[in-house]
1. Could you give me D for the stretch 3-73, from Stokes-Einstein at 37 °C and 0.692 mPa s, where the hydrodynamic radius is the Kirkwood radius over C-alpha pairs? Units µm² s⁻¹, please.
2. Compute the acute angle (0 to 90°) between the alpha-carbon long axis of helix 54-73 and the principal axis of greatest extent of the alpha-carbon atoms of the chain; round to the nearest 10°.
3. Measuring from label point to label point, each 7 Å out along Cα→Cβ, what is the Ile61 to Ala42 span in nm?
4. Hey, rough spin-label estimate for Glu34 and Gln20, points 7 angstrom out along Cα→Cβ, what's it come to in nanometres?
5. Could you tell me how many degrees, from 0 to 90 and to the nearest 10, lie between the Cα long axis of helix 3-25 and the main elongation axis, the longest principal axis, of the Cα atoms of the chain?
6. Angle check, please: helix 37-47 long axis (alpha carbons) against the longest principal axis of the chain (alpha carbons), in degrees 0 to 90, nearest 10.
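Read-outs: derived from the displayed coordinates by stated rules, not from any lab. Computed from a prediction, not measured in an experiment: that's the story for all the values here. As a convention, Cβ positions derive from the backbone with ideal geometry for all residues, glycine included, and neighbour counts pool all protein chains shown.
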Amino acid sequence: MNEEVRYGLDQIRKHLILTQDHLTSGSCPACIKEKHLPALQAYAEETLPMVRDRELRRFLIKLRDFAIAMRRKLGDLI
């Protein structure tokens, strides 16, 4: 796994942790909508072309699609 893929996956991990923290604590729902979901979508889209492993690609596609769906549901994306 190259350095760019590791970086992308590390950023995804961080944003997932922060999203979970915000959801469980009830703090800063705007952060989820305006920062973490767009970041998850962006890092998944950016990392996906560099990944060859099918399982990891499948995960990134699902994560991207989930972030897009949630952004639409929250009114952050048309």
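1. Approximately 267 µm²/s, per Stokes-Einstein.
2. 20 degrees
3. Once both label points are built, they end up 2.5 nm from each other.
4. 2.6 nm
5. 20 degrees
6. Taking Cα atoms only, the helix is inclined about 10 degrees.
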